[in-house]
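Scroll down for the structure; my scribbles are underneath it.
The values are calculated or read from the model by the stated rules, or taken from the named source; none is laboratory data. From a predicted model like this one, the values you see are computed outputs, not experimental measurements. FYI the Cβ positions are ideal-geometry reconstructions off the backbone, even for glycines, and counts take in every protein chain you see. We work out accessible area using only protein heavy atoms, side chains counted, and drop any ligands, DNA or RNA first. Shrake-Rupley method; radii C 1.70, N 1.55, O 1.52, S 1.80 Å.
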Amino acid sequence: NKWCACAGCQSVINTYGSNSATQILFINDLTSRVEAWLNSEQGGREVQFLMFAYYDSIDAPTKGNLKLNDNVSVWIAPINDNYMLDVNASGNELGKTLEAWKNVTDNFSVWAYNVYFGDYLVPYNTYDKIDQMIDACVAGNVNLMWVQGNWNTTQNTGFDGLKGYLIAKLMWDSTLDVNALTNDYFNAVYGAAASDMLTVYNEMKKELNRITNNGATSGVPSYSSWSLDYLKAQLDRLVAAIGKLDKSDANYQKYYDAIVCESISIRYIYEVKRGKTYSTNAWGTFASETSRLGFTQKSEQDEL
């Protein structure tokens, strides 16, 4: 139990209906004292304080009328939500959490997650949920938002680069069209192979949705969930995409490396985890290419 179990804290929790109530009372007292000092010693200097709502403190008070001081914001970090689901679906409490905290403060931020920490190399099926996650934060008057991805590796696969691009563009302007942004990304990143790579991307989403519809609704799919025929077909598509590139193009290496980066996820499942062999001279071995491209982590804790 990470939360204080003393009689005083338990009384506060019971009165207001959440662990966060003890945190709110503490920070209200603290910031009132600091503000009085600022008014006295710093000429009325204005400072905005931040309270972190995370794990045991994620839930807003459900009873009473407890409010945060005006000079305190809450930073909500719903790490246990399933971001593969709609923002108001059972299992993804982002919409509900935002609504509950509106009763406590007008000043709040969101630390959202777009990462499965257990395996960076397997696609995490949040692709079609990013825009509604950001829309929910805009509608909730969130004044600061950060979306965490694979934080401790220098390279990504499973179209995580596209996710980062969509998040950056939509947080700047949530009214932008996701399909148009996606097309812009593929044209810039893959050049003449853009159409082929868009097919790879769409086929991946189809396979992910097939697996999800069969019951895999949290984390990432198990390695055995992926169809071997699908994996082989995706590798064939990637080789064909490389064949569309013009070696005389000044950006050839950039486009080529971007395609090989996307092969890593498929090869990881097909070759490393399923023990199958795919022979091609389109790229080097899995180990050599992950090293060359800068893949350093398999997961949050495990090096590749």
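Among the residues making up the stretch 158-178, those that are of a type in the set (Phe, Trp, Tyr) and part of a helix (DSSP H, G or I) are Tyr165, Trp172.
Test Val138 against the stated conditions and say whether it is among the hydrophobic types (A, V, I, L, M, F, W, C), under 26 Å from Tyr268 (Cβ atoms) and in contact (Cβ under 8 Å) with a residue 12 or more places away in the chain.
Spelling it out, it is not the case that Val138 is among the hydrophobic types (A, V, I, L, M, F, W, C), under 26 Å from Tyr268 (Cβ atoms) and in contact (Cβ under 8 Å) with a residue 12 or more places away in the chain.
Scan the stretch 235-254 and give yes if some residue there is of a type in the set (S, T, N, Q) and within 21 Å of the chain's Cα centre (by Cα), otherwise no. No, every residue in the stretch 235-254 fails to be of a type in the set (S, T, N, Q) and within 21 Å of the chain's Cα centre (by Cα). Screening Thr154 against (1) touching a residue at least 60 places away in the same chain (Cβ under 8 Å); (2) open to solvent by less than 30 Å² (accessible area, probe 1.4 Å); (3) β-branched (Val, Ile, Thr) leaves a single unmet condition, (2).
Under the condition of being surrounded by fewer than 16 Cβ atoms within 10 Å (Cβ to Cβ) and either of a type outside the set (Ser, Thr, Tyr) or under 19 Å from Phe186 (Cα atoms) (or both), which residue from the stretch 218-236 is modelled with the lowest pLDDT? Taking the candidates together, the pick is Gly219. The set of residues from the stretch 1-27 being assigned to a helix (DSSP H, G or I) and open to solvent by 60 Å² or more (accessible area, probe 1.4 Å) comprises Ala7, Gln10, Ser11, Asn14, Thr15, Leu25, Phe26.
Scanning the stretch 264-289 for residues that are of a type in the set (Ser, Thr, Tyr) and touching a residue at least 60 places away in the same chain (Cβ under 8 Å) turns up Ser265, Tyr268. Looking only at the stretch 28-58, residues that are crowded, with 18+ Cβ neighbours inside 10 Å and among the β-branched types (Val, Ile, Thr) come to 2 in all.
Checked against the criterion of being free of Cβ contacts under 8 Å to residues at least 24 places away in the same chain, surrounded by fewer than 22 Cβ atoms within 10 Å (Cβ to Cβ) and among the polar types (S, T, N, Q), the candidates Asn65, Asn114 yield just one match: Asn65.
Could you say which residue among Ser288, Ser265 is among the polar types (S, T, N, Q) and in contact with a Ser or Thr (Cβ under 6 Å, 6 or more places away or on another chain)? After applying the criteria, what remains is Ser265.
Results for (1) hydroxyl-bearing (Ser, Thr, Tyr); (2) in contact with a Ser or Thr (Cβ under 8 Å, 6 or more places away or on another chain); (3) at pLDDT below 90, shown as yes or no for each residue.
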residue	(1), (2), (3)
Asp56	no, no, no
Ala60	no, yes, no
Lys67	no, yes, no
Asn71	no, yes, no
Val74	no, yes, no
Ile79	no, no, no
Ala89	no, no, yes
Thr97	yes, no, no
Thr105	yes, yes, no
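Looking at the structure I just gave you, is Asn251 within 18 Å of Tyr127 (Cβ to Cβ) and open to solvent by 60 Å² or more (accessible area, probe 1.4 Å)? It is false that Asn251 is within 18 Å of Tyr127 (Cβ to Cβ) and open to solvent by 60 Å² or more (accessible area, probe 1.4 Å).
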